[in-house]
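Accompanying notes for the structure given below.
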Amino acid sequence: MPTARARAERPRTRRATGRRVSPRRVASPVITLTSDFGLHDPYVGIMKSRILQRAPQIALIDLTHEIAPFQPEQAGYWLWCAYPQFPAGSVHVAVVDPGVGGARVIIVLEAAGHHFIAPDNGLLGLIARSCSDARAYRLDPKALSALGLSFASATFHGRDVMGPLGAELAAGRVRPERLGERTELLLGQLRPAVRTRSGALEGQVAVLDHFGNVLTTIGAEDLRPFRAPQVLLGGHSFRLVHTYTDARPDECVALINSSARLELAVREGSAAARLQPPIGAAVQVLERNA
Amino acid sequence: MPTARARAERPRTRRATGRRVSPRRVASPVITLTSDFGLHDPYVGIMKSRILQRAPQIALIDLTHEIAPFQPEQAGYWLWCAYPQFPAGSVHVAVVDPGVGGARVIIVLEAAGHHFIAPDNGLLGLIARSCSDARAYRLDPKALSALGLSFASATFHGRDVMGPLGAELAAGRVRPERLGERTELLLGQLRPAVRTRSGALEGQVAVLDHFGNVLTTIGAEDLRPFRAPQVLLGGHSFRLVHTYTDARPDECVALINSSARLELAVREGSAAARLQPPIGAAVQVLERNA
Amino acid sequence: MPTARARAERPRTRRATGRRVSPRRVASPVITLTSDFGLHDPYVGIMKSRILQRAPQIALIDLTHEIAPFQPEQAGYWLWCAYPQFPAGSVHVAVVDPGVGGARVIIVLEAAGHHFIAPDNGLLGLIARSCSDARAYRLDPKALSALGLSFASATFHGRDVMGPLGAELAAGRVRPERLGERTELLLGQLRPAVRTRSGALEGQVAVLDHFGNVLTTIGAEDLRPFRAPQVLLGGHSFRLVHTYTDARPDECVALINSSARLELAVREGSAAARLQPPIGAAVQVLERNA
């Protein structure tokens, strides 16, 4: 990212006193990439080429390219969990885009000091729902054109628009509000957990990860009001533990994971295989003594 | 790539007028990597280490490491589609090398302003066939030796020769014509589409991608003479549409993809699973009204 | 890596003579990453973000993230094979950590001019056993705290400790002996090959790679005393050849691979599928004429 990197690489300067001072260390923003392209084909590398041609110094970090094809909300859930681990000013490009070439628009979302670029298909719904300062802009082809960008191909807007636009945003050469009109975006099916009238907390199963953990939309802070939380899914009840090794062998437990989300896990086993929950299934938290 | 990077990082200079001027922005060449190494073993990382030791600033971009083992032409097809997306001067290292340690030679191909390094096993045939300025050189162990390179291991010439040589080429420290004699390379089975005497266009199925698209050797420009093209494969006929969303649900259509190649696709489904075409199968284009 | 990179980027300096001299080219250390995270979830990218925030210029190289979950010694074997391919001063972060959050400690191992960071679960046993200068330190939470690091999450110490600590080591901002007390580490089940009383060489099957090769703990130098080595595994005997193409079609052979380890291989086929050896199975080398 030219701006921040330039800052980092600028030689130490002398103040009036003549003492060398070091520029303050600021974490450089990065561009993260999330897609359903898989790694068998060169599509990810091609998108990276276009980004690096506009921002040669930027750090590109792959989140995952193994989103199930055509499941944009799975990508959105991972982004929702992961973006706080990146420096402010980072740009997150997420291309799960079954509607490419059709009428769907592309959104730039500004939220919590980060920028997100994705098709308007629900992918960014969770982030928009959970950030009070979220502002979405609908990409205007004219604004793109001023950046030398266009929907050149009918099938790969990640390469032709979303990736290079991420480079422009990360380089600070354009602001989201210059890219199009404010808009409401499609919110999708996944939503942050809510308290029901009865006092129960209700969230959803969102993703099954590589280790077989069942990840939910319930956040650590949602659980704070509970003294002795009991977690329910599909007629089963799970105790809340601190970490994987607190589980008994073969026990399925609930815990707050490294993304500060509630997950169900089996120690050295697969909760996903055990419970086989459908994505979107309700997960409840009750007070055990209630 | 030291040369270009040095250019990019040079501080802004003042002209006689005293105004700051920005150095002209030039896309830096990169090294792309394509292999059948997979990502389960550390072979890709080891090859990257050797490249970065010779070109610490170069951008390395993975195209894919999931080429089916021992299918060099699959790698060559992807390179043929992808290389135009990279800046001139880029170096493309492709290691699908079942003959490693045997009598096969290694080729450096210069074509269309790019450099390609691969075993002489047909991998570079499509690119050589389609670029009129293609010039192939057969690596001479003596020339390698002058660069401090040798076929040290009998089983990993990607690490010992092709990767580090890519670094030398990208850094501009050696020219292909210094690396060995001009040669003809093995052309392989895949070839660009041709017009038959009857006026039909005939190409081949080349690759089945991650989304289930069936990719062919027919290029966008090959289709230009047709007013109402009809695409034929395995006794079935397909209409040509603009993009995926133009297809009816479950319909298999033909379209020009983002690499400017003809592909067969099912909207949110798999044409590969539907058609199960053998690699190399003939794909024809006829004038519908003919 | 700030230190080394600064060296590399420092403008050419003039000696007293006024002639420009180029700084000596030194291969910059890198950070390698090995884990069982897989590439379906964003965990690898999240760990990289934390590393780059502390060492923005470092080269990060993925060895593999596809270690079978909870098989730390598989990761250790790959590291043992791969680390000599990286420049001295490199840092190798290996996170296969089923005991995360429990009582297991984290080790920093200094050996052969490299640094290794991993949980104390046997992962680093092979390297420690085979390097006479290996020195292990057990991470002290207080020393971490001085670096602004803590076991913040109960489930992801790769992100919170091992990755960022790798950045500090690679940047030369901390020395292993400042991180905790010297310790003995868990050695695990895999060990370098040994000569038995009868003069046979005995090693173990360690890993089955992506190509179906069966990799062992027997090193090239272990074989040197043998004039006509015969390799035995599971009641079968294999001849030692130079490279894959020396094998007859369908023959399973032994050879010294690119990591200088003995492996069993079938030319353009899978020795792993053919032999199905358990990990840890004994592999013997005898003198054929004995």
Built amide H within the under 5 Å cut-off of C:ALA281, gap 5+: C:VAL205
message: If packing is taken as the average number of other Cβ atoms within 10 Å across a peptide's residues, how do A:120-133, B:45-58, B:126-139, B:170-183 rank, most packed first?
response: B:45-58, A:120-133, B:126-139, B:170-183
- prompt: Hey, can you rank B:246-256, A:140-150, C:152-162 by average C-beta count inside 10 Å, highest first?
  reply: C:152-162, B:246-256, A:140-150
task: Name the residues whose placed amide hydrogens come within less than 5 Å of the amide hydrogen of A:HIS92, ignoring near sequence neighbours (fewer than 5 apart) on the same chain.
output: A:THR32, A:HIS115, A:PHE116, A:ILE117
statement: Sorted by chain and number, the residues with a modelled amide H under 5 Å from that of A:ARG239, at a separation of 5 or more or across chains, are A:ALA254
- prompt: What does the helix-only formula give at 222 nm for chain B: each DSSP H stretch with n ≥ 4 adding -39500 (n - 2.57), the total divided by the residues, and the result rounded to the nearest 500 deg cm²/dmol?
  reply: -5500 deg cm²/dmol
field: Cα-based Lys proximity count in the protein assembly as shown, under 24 Å, for pairs eight or more positions apart or on separate chains
entry: 6
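Ranked highest first by average number of other Cβ atoms within 10 Å, how do C:69-81, B:103-115 line up?
Output ranking for C:69-81, B:103-115: C:69-81, B:103-115.
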query: Just by accessible area at a 1.4 angstrom probe, what is the order of C:SER28, C:SER90 from largest to smallest?
result: C:SER28, C:SER90
message: Please compute the modelled spin-label separation between B:ARG224 and B:ASP246, points set 7 Å along Cα→Cβ, answer in nm with one decimal.
response: 1.8 nm
Karplus 3J(HN,Hα) series, Hz, for the range A:153-162 with 6.51 cos²θ - 1.76 cosθ + 1.60 (x for Gly, Pro): 9, 8, 10, 8, 6, x, 6, 8, 10, 5
- prompt: How long, wide and thick is the range A:112-199, going by the Cα atoms along their three principal axes, in whole angstroms, largest first?
  reply: 55, 27, 19
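Express the relative contact order of the range C:30-183 as a whole percentage, based on alpha carbon pairs under 8 Å and six or more residues apart in sequence.
Details: 298 pairs, mean separation 40.9, N = 154.
Relative contact order for the range C:30-183 comes out at 27 percent.
For the protein assembly as shown, what is the accessible area per residue in Å², given a 1.4 Å probe and the full set of protein chains?
41 Å²
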query: What FRET efficiency, computed as 1/(1 + (r/R0)^6) with R0 = 35 Å and r the Cβ-Cβ distance, is obtained for C:ALA146 and A:LEU187, rounded to the nearest 0.05?
result: 0.20
query: For the protein assembly as shown, which whole-number percentage of the solvent-accessible area (1.4 Å probe, protein heavy atoms only) is attributable to carbon and sulfur atoms?
result: 48 percent
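Which whole number gives the average, over all residues in B:55-63, of C-beta atoms from other chains lying within 10 Å of the residue C-beta?
6
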- prompt: If we hang a label 7 Å off Cα along the beta carbon direction at A:HIS236, how far is it from the matching labels on the other copies, in nm, shortest first?
  reply: 4.0, 4.0
message: Whole angstrom only: what separates the Cα centroid of the range B:37-81 from the Cα centroid of the range A:143-200?
response: 31 Å
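Average partner chain C-beta neighbours within 10 Å, per residue of A:250-256?
Details: counts 0, 0, 0, 0, 0, 3, 3.
If you average over the peptide's residues, the count of other-chain Cβ atoms is 1.
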- prompt: Which ³J(HN,Hα) values in Hz, rounded to whole numbers, follow from the phi angles of the range A:269-277 under the Karplus curve 6.51 cos²θ - 1.76 cosθ + 1.60, where θ = phi - 60° and Gly and Pro get x?
  reply: x, 10, 5, 4, 5, 5, 9, 6, x
- line: homo-copy label distances at B:GLY280 (7 angstrom along Cα-Cβ), nm, one dp, ascending, are 4.6, 4.6
query: How much accessible surface area, in Å² rounded to 10, belongs to the heavy atoms of A:HIS236 with a 1.4 Å probe?
result: 100 Å²
statement: In terms of the alpha carbon gyration tensor, root eigenvalues a ≥ b ≥ c, rounded if a/c is under 1.5 and otherwise prolate when a/b exceeds b/c or oblate, the protein assembly as shown is rounded
- request: Over the whole of B:66-74, what's the average partner chain Cβ count within 10 Å per residue? Rounded to a whole number, please.
  value: 2
- prompt: Any idea what the dipole of the range A:194-287 comes to, in debye rounded to 20, about its Cα centre with Lys/Arg Cβ at +1 and Asp/Glu Cβ at -1?
  reply: 220 debye
field: Value of relative contact order over the range C:181-265, rounded to a whole percent, pairs C-alpha under 8 Å and six or more apart
entry: 23 percent
field: B:PHE211 - accessible surface, heavy atoms, 1.4 Å probe, Å² rounded to 10
entry: 50 Å²
- prompt: Summed for both chains, how many Å² of accessible area, to the nearest 100, are buried between A and C with a 1.4 Å probe?
  reply: 2700 Å²
field: Relative contact order for chain C, counting Cα pairs under 8 Å that sit 6 or more residues apart, in percent
entry: 15 percent
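The values are calculated or read from the model by the stated rules, or taken from the named source; none is laboratory data. What you see is a predicted model, and the numbers here were worked out from it, not measured in a lab. Every residue, glycine among them, receives a Cβ derived from its backbone with ideal geometry; neighbour counts consider all protein chains shown. Surface areas here come from the heavy atoms of the whole protein model, side chains and all, with no ligands, DNA or RNA. Shrake-Rupley method; radii C 1.70, N 1.55, O 1.52, S 1.80 Å.
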